[in-house]
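Participant: If you scroll down you'll find the structure; I have some questions about it.
The values are calculated or read from the model by the stated rules, or taken from the named source; none is laboratory data. Predicted, not measured: the structure shown is a model, and the values here were computed from it. Here the Cβ is made from the backbone with ideal geometry for all residues, glycine too, and neighbour counts use every protein chain on show.
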Amino acid sequence: MSGRTERYGDVLFNHAAPNERACLDSLGAVLDPTTTDVLKAVPGQRGLRLLEVAAGTGTVARWMAVHFTEGRVTATELDTRFLHTHGHRNLTVQRHDVTRDGFPAACFDVIHARYLLSHLPSRARVLGDLVRWLAPGGTLMVEDPSLFSLRAARDDTYRRVSLGAVHVLRSRIGTDSDEWPTSLAERFTNRGLTDINLRVMVPTVSCGTPMAAFWKLTLEHLAPALVELPGINRSDILYTLDRMSLPGFVDLGMATYTVTGRKPANGLEGKECQHQ
Ligand SMILES: C[S@@+](CC[C@H](N)C(=O)[O-])C[C@H]1O[C@@H](n2cnc3c(N)ncnc32)[C@H](O)[C@@H]1O
């Protein structure tokens, strides 16, 4: 059970924190290639309505605006300080708390939410909202981190410190990077979505990789909380940060589950599938 004490961004990962921008930039460098590869499969058409929820620094929103030139992209964020249109006329930025602020039903053809739902204690309800905001025939794409690859990491200290970071996120903000990502595809099916697709990506942590940059910044940010955990001390954290900078160190980073599904174009389509 989570003894959660704060929301994402209250203290941990507040956009005003030193290096938070750099951390989000390195996360984008890890994830954008897979995200955009999957989004390329969405047929572009005039007037396509796209929603990028919790857009962060907006790399995916801007890619959408360029790739779907005839579409309209709405990028939302709780904290919009890093999120700008950069002159894209088919891109709108909107401050929006996905746990409190709504959209009308069926008003988007594509909805993408990355590294968001796993951090929200109300994640299951918000997933239901995303499905409701999706128009019939529309595509939902959710991406969330999974700790399974960290459990399989070879280096004992790196593994303990990394799993410690996951523990801090669960206890402080209620992040679920265990059951939630692995159950996402099933949840899509249970919500009536069809054509479910799952892609799992495990990036490598080694000197100079985007995942090493992201994970170093994350561990540095969490270090004050990590040293409070039983079995982790300051030298374990320093060892882990050093190892990630050394040529020759190669281990597994946090995995990402990427799930897509389509809302049936008419009510019958999904029901027929459920009876197969
Ligand atoms: C790990 S970052 C991911 C950013 C972006 N989706 C990406 O993958 O690059 C999580 C983002 O979710 C935003 N966020 C957290 N809670 C939110 C909420 N309730 N509503 C909207 N955005 C939220 C944060 O401000 C942060 O930018």
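Participant: Which residues, counting only those in the range 94-129, are touching a strand residue (DSSP E or B) at 6+ places or on another chain (Cβ under 8 Å) and away from the ligand (no atom under 12 Å from the Cβ)?
Facilitator: Those that are touching a strand residue (DSSP E or B) at 6+ places or on another chain (Cβ under 8 Å) and away from the ligand (no atom under 12 Å from the Cβ): PHE103, ALA106, CYS107, PHE108, ASP109, VAL110, ILE111, LEU127.
Participant: Which of the residues spanning the range 44-60 are closer than 16 Å to LEU130 by Cβ and within 12 Å of the ligand (Cβ to nearest atom)?
Facilitator: LEU51, GLU52, VAL53, ALA54, ALA55, VAL60
Participant: Still on this structure: Only one of ARG187, ARG154, ARG172 is farther than 28 Å from PRO18 by Cα and part of a helix (DSSP H, G or I). Can you tell me which?
Facilitator: ARG187
Participant: Here are some conditions: (1) closer than 27 Å to PHE214 by Cα; (2) among the β-branched types (Val, Ile, Thr); (3) without any contact (Cβ under 8 Å) to a residue 60 or more places away in the chain. THR92 meets all but one. Which one does it not meet?
Facilitator: The single condition THR92 does not satisfy is (1).
The rows are residues; the columns are (1) over 30 Å from THR189 (Cα atoms); (2) at pLDDT below 95; (3) within 26 Å of the chain's Cα centre (by Cα); (4) surrounded by 15 or more Cβ atoms within 10 Å (Cβ to Cβ).
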{"site": "ARG234", "(1), (2), (3), (4)": "yes, no, no, no"}
{"site": "ILE237", "(1), (2), (3), (4)": "yes, no, yes, yes"}
{"site": "MET254", "(1), (2), (3), (4)": "no, no, yes, yes"}
{"site": "TYR257", "(1), (2), (3), (4)": "no, no, yes, yes"}
{"site": "ARG262", "(1), (2), (3), (4)": "no, no, yes, yes"}
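Participant: Moving to a separate point now. Within the range 149-180, work out how many residues are surrounded by fewer than 22 Cβ atoms within 10 Å (Cβ to Cβ) and polar (S, T, N, Q).
Facilitator: Here the count works out to 3.
Participant: Within the range 110-151, take every residue that is in a helix (DSSP H, G or I) and among the β-branched types (Val, Ile, Thr) and give me the one that is nearest to the chain's Cα centre (by Cα).
Facilitator: Once the filter is applied, the top-ranked residue is VAL126.
Participant: Another one. Among the residues that make up the range 81-98, is at least one of them modelled with pLDDT of 95 or more and either part of a helix (DSSP H, G or I) or closer than 30 Å to ASP236 by Cβ (or both)?
Facilitator: yes
Participant: Ok, one more. Under the condition of being more than 18 Å from ASP25 (Cα to Cα) and touching a helix residue (DSSP H, G or I) at 6+ places or on another chain (Cβ under 9 Å), which residue from the range 204-231 is surrounded by the most Cβ atoms within 10 Å (Cβ to Cβ)? Lay out the reasoning, then the answer.
Facilitator: Our first condition is that a residue be more than 18 Å from ASP25 (Cα to Cα); within the range 204-231, this holds for 223-231.
Within this subset, residues satisfying the condition of being touching a helix residue (DSSP H, G or I) at 6+ places or on another chain (Cβ under 9 Å) are 223, 225-229, 231.
On the way: ALA223: 18, ALA225: 18, LEU226: 23, VAL227: 14, GLU228: 9, LEU229: 18, GLY231: 8.
Result: LEU226.
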